[in-house]
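Asker: Structure provided below as structure tokens; questions to follow.
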């Protein structure tokens, strides 16, 4: 059965609450470095991610009929960029929590040599986990492809051209019909083929939530679908890692 919008939001609330409660129940049982990464790192970022998800739910409600205002578009882009940087940071917190809890790599600390190994989806990290926790290692390996695909959203947000959320989307057919009509009206009035004024094209925009990546070469992604797909995978792998840490306290 397909969930209604409110039910879908409640479903995410249940997942978020489950992971949050698991994190806070685990934090008091572990040593200081693990506690710091779980409670002060991962948990704080989880609340930020939840805020971004709820912002999108409210901004693009089913009864919205108009494109975003400029400030709404900018705020949506801010949340989209923060969302992907936040996921990457939260995954790093989990990787370091696992390193400190299980000593996967002897002598590796946050400020020392070898810290580049501490990445949930890096081959050497996955192999180290598989040697001691086969099921968790298999789950991490199964998500390696996702982690690579995920980088196209995180890396632009952090380093290059940021993710853009346009106020609306103009359908190609409607744009062509509008331009043809504009051209006919201009030729009829002036008897020539003048340069067409496109100032009114924004009236054709529909409030379709999409994310735009790139500068010269653009790629568009459905905002809701992409963010919720990545968020579900993030919550799933987070729960698995924290459960393993708690089981071995």
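Asker: Identify all residues within region 26-43 that are farther than 13 Å from residue 88 by Cα and surrounded by fewer than 21 Cβ atoms within 10 Å (Cβ to Cβ); write none if there are none. I'd like the intermediate steps shown before the answer.
Answerer: Going through region 26-43, the residues farther than 13 Å from residue 88 by Cα turn out to be 26-40, 43.
Hits for region 26-43 are 28, 29, 30, 31, 32, 33, 35, 36, 39, 40, 43.
Asker: Among the residues of region 18-43, write down those that are without any contact (Cβ under 8 Å) to a residue 12 or more places away in the chain and over 17 Å from residue 86 (Cα atoms).
Answerer: Listed by number, the residues that qualify are 21, 28, 32, 35.
Asker: Still on this structure, please answer the following. Of the numbered conditions (1) crowded, with 17+ Cβ neighbours inside 10 Å; (2) more than 17 Å from residue 234 (Cα to Cα); (3) at pLDDT below 95, residue 66 fails exactly one; give the number of that condition.
Answerer: It fails just one condition, (1).
Asker: Check off (1) surrounded by fewer than 17 Cβ atoms within 10 Å (Cβ to Cβ); (2) in contact (Cβ under 8 Å) with a residue 60 or more places away in the chain; (3) closer than 20 Å to residue 121 by Cα for residue 106 and give me the number that stays unchecked.
Answerer: (2)
Asker: Looking for whichever is touching a helix residue (DSSP H, G or I) at 6+ places or on another chain (Cβ under 8 Å) and either at pLDDT 95 or above or surrounded by fewer than 20 Cβ atoms within 10 Å (Cβ to Cβ) (or both) here; the options are 18, 58. Which one fits?
Answerer: Numbers: 58 fails: touching a helix residue (DSSP H, G or I) at 6+ places or on another chain (Cβ under 8 Å).
Answer to the check: 18.
Asker: Would you confirm whether any residue within region 229-241 is in a helix (DSSP H, G or I) and modelled with pLDDT under 90? First the steps, then the outcome.
Answerer: Step one: list which residues in region 229-241 are in a helix (DSSP H, G or I), which gives 229-241.
Going one step further and asking which of them are modelled with pLDDT under 90, we end up with none.
No, region 229-241 contains no residue that is in a helix (DSSP H, G or I) and modelled with pLDDT under 90.
Asker: Something else about it: Out of the residues in region 132-151 that are closer than 19 Å to residue 226 by Cα and crowded, with 18+ Cβ neighbours inside 10 Å, state the one that is farthest from the chain's Cα centre (by Cα). Break it down into steps so the answer makes sense when it comes.
Answerer: At the first step, the residues of region 132-151 found to be closer than 19 Å to residue 226 by Cα are 142-151.
Within this subset, residues satisfying the condition of being crowded, with 18+ Cβ neighbours inside 10 Å are 143, 147, 150.
Numbers: 143: 15, 147: 12, 150: 8 Å.
Once the filter is applied, the top-ranked residue is 143.
Asker: Counting residues that are at pLDDT 90 or above, which helices (runs of 4 or more DSSP H) fully inside region 108-201 reach at least 1? Lay out the reasoning, then the answer.
Answerer: On the way: elements: 123-132, 134-142, 144-158, 172-190.
Of the helices (runs of 4 or more DSSP H) lying wholly inside region 108-201, those with at least 1 residues that are at pLDDT 90 or above span 123-132, 134-142, 144-158.
The values are calculated or read from the model by the stated rules, or taken from the named source; none is laboratory data. Since we're looking at a predicted model, the values are computed, not measured. Backbone-built Cβ (ideal geometry, glycine too); neighbour counts: all protein chains shown.
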